[in-house]
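A short worksheet on the structure shown next.
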Amino acid sequence: MRSLWTMGMAAILAIPLAFTAPSASAAVPPDISLTAVKAHLTQLQSIATANGGNRAHGRPGYLASANYVKGLLDGAGFTTTLQSFTYGGATGYNVVADWPGGDPNDILMVGAHLDSVTAGPGINDNGSGSAAILETALEVSRQSLAPTKHLRFAWWGAEELGLRGSQAYVNSLSATERAKVKGYYNFDMVGSPNAGYFVYDGDNSDGVGSGPGPAGSAQLEATLQAYFTSIGVATRGTDFDGRSDYGPFIAVGIPAGGTFTGAEGVKTSAQATLWGGTSGQAFDPCYHRACDTTANISDTALNRNADAIAYAVWTTATATPPTIVWQDTFETSTGWTTNPSGTDTATSGQWERGVPQATTSSGAKQLGTTVSAHGSNSSTADFLRVKVVGSTTTQVFQQLGAASNPWSRPASTTSR
Ligand code: PHI
Ligand code: ZN
């Protein structure tokens, strides 16, 4: 077998090339028991009822909720921390639960806020997300899951007062610890009675409101999306508008994703056609009200979202990176045959390494160490093609030249 390198003349390209073997298949995601998730909601409802009707920051119903969650996780083999913080003159708590094992430098976090507003028991907002991730964590334990990534679950305090618990947590991490958190899934309101099926718009494909999440958010979105596609449920995006606990994570560059079934927003007729339910009514008519009880839940929405959470956790945390079976960085010649059939008309540029010069214009525009560069006269006439030449010839790779950077820029903002 011989291989070939060809290149046009106007540009000099150096593109690392790698061929990978298919990754080992991830563990099969479980079906999370709706009955078990609802049993947690019943417990949270009882806690609220026994504590003045709410589970709000600084009220006894909050700490009782935190202790309920922590007790189950401790019994299941998680390493748990009750992280306290102060807000508004009261002590708040996050429950953080680490599943032993996995790569300590590659952490996947999954979180939900556990506090309610003072007006009610907060069963959809956000007993639903809290119970769904709790049951997912307990299933990790039952299955003795051995993920490649390190898994960390969190239940946040004082979200309703401005994301106080999640902000305190992110603030508490050193830059080194923060850099180890490679992704964060957030679940806030996943059982709305007049549900929509929203997935956080990590890639900003909707082009509304805030821009995309940190690099990697698109992949988290795609993973959740894949689950809903597999069960034939249409989804729509929801903007990273900062209204839930992913906010402090994306603010420090941690990719985030999550689902949402709607709050005070009103379902349109198009959405009712898509998902059923009642148009002209809020997704959650009891949002932040006393009637946000165990009666304020769509079992279907809660069940689908709990399964989506488990799918996302299993898929993301147990995926093994592909094995590199061959690679060439083109930093040195590894002995490829250039222009073996003598048909390349280029008179220069064959098998040359790009060594761009540093350029400045009111500051550095290009470093002298860049491994790839293009000239303003580059076009598709310039190319790197890799062909496997034998009794038949197969082109296995092509990168065409262009007089612009090949990576995408953030969507530009316009002004009037
Ligand atoms: N966190 C808000 C409600 C809300 C949840 C809004 C999720 C947006 C999203 I995405 C509250 O608790 O009131
Ligand atoms: Zn709320």
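Being acidic (D, E) and at pLDDT 75 or above is the filter here; which residues of segment 316-368 pass it? It would help to see each step written out before you state the result.
Initially, segment 316-368 is screened for residues acidic (D, E), giving 328, 331, 344, 352.
Once the filter is applied, which keeps residues that are acidic (D, E) and at pLDDT 75 or above, segment 316-368 yields D328, D344.
If a residue must be over 26 Å from A272 (Cβ atoms) and either open to solvent by 20 Å² or more (accessible area, probe 1.4 Å) or outside the structural domain of S166 (by TED's automatic domain parsing) (or both), how many such residues does segment 206-243 contain? Even if it seems obvious, please write down each step before you answer.
Applying the first criterion (over 26 Å from A272 (Cβ atoms)) to segment 206-243 yields 210-220, 222-223, 242.
Okay, now just the ones that are also either open to solvent by 20 Å² or more (accessible area, probe 1.4 Å) or outside the structural domain of S166 (by TED's automatic domain parsing) (or both), so 210-212, 214-216, 218-219, 222, 242.
Of the residues in that region, 10 qualify.
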May I ask you to list pairs of residues, at least six apart or on different chains, whose Cβ atoms are under 8 Å apart, with the first in segment 158-182 being surrounded by 13 or more Cβ atoms within 10 Å (Cβ to Cβ) and at pLDDT 95 or above and the second being among the basic types (K, R) and part of a helix (DSSP H, G or I)? A158/R164; V170/R178
Assuming S144 fulfils every condition listed in (1) open to solvent by 50 Å² or more (accessible area, probe 1.4 Å); (2) away from ligand 1 (no atom under 16 Å from the Cβ); (3) of a type in the set (S, T, N, Q); (4) touching a residue at least 40 places away in the same chain (Cβ under 8 Å) apart from one, which condition is it? (4)
Which one of these does P212 not meet: (1) within 16 Å of ligand 2 (Cβ to nearest atom); (2) in contact with a helix residue (DSSP H, G or I) (Cβ under 8 Å, 6 or more places away or on another chain)? (1)
Could you count how many residues in segment 381-407 are modelled with pLDDT of 80 or more and of a type in the set (S, T, N, Q)? 6
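N305: within 17 Å of T229 (Cα to Cα) and either assigned by TED's automatic domain parsing to the domain that holds T136 or modelled with pLDDT under 95 (or both), yes or no? I'd like the intermediate steps shown before the answer.
Numbers: within 17 Å of T229 (Cα to Cα): yes; either assigned by TED's automatic domain parsing to the domain that holds T136 or modelled with pLDDT under 95 (or both): yes.
Criteria met by N305.
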Taking segment 251-282 and the residues there that are within 16 Å of ligand 2 (Cβ to nearest atom) and part of a strand (DSSP E or B), the one that is farthest from V190 (Cα to Cα) would be A282
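With respect to S230, determine if the residue is more than 16 Å from ligand 1 (Cβ to nearest atom), closer than 20 Å to T318 by Cα and small (G, A, S).
On the way: more than 16 Å from ligand 1 (Cβ to nearest atom): yes; closer than 20 Å to T318 by Cα: yes; small (G, A, S): yes.
The answer is yes for S230.
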What do you reckon, is A295 in a loop (DSSP other than H, G, I, E, B), away from ligand 1 (no atom under 16 Å from the Cβ) and either in the same structural domain as A263 (by TED's automatic domain parsing) or surrounded by 20 or more Cβ atoms within 10 Å (Cβ to Cβ) (or both)? yes
The lone exception for A234 - which of (1) in contact (Cβ under 8 Å) with a residue 60 or more places away in the chain; (2) of a type in the set (A, V, I, L, M); (3) out of contact with any strand residue (DSSP E or B) (no Cβ under 8 Å at 6 or more places or on another chain) it fails: (1)
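The values are calculated or read from the model by the stated rules, or taken from the named source; none is laboratory data. Treat the numbers as computed from the prediction; the structure is a model and nothing was measured. Neighbour counts are summed over all protein chains in view; Cβ atoms, including those assigned to glycine, are modelled from backbone coordinates with ideal geometry. Please note that ligands, DNA and RNA were not included when accessible areas were found on the heavy atoms of the full protein model with its side chains. Shrake-Rupley method; radii C 1.70, N 1.55, O 1.52, S 1.80 Å.
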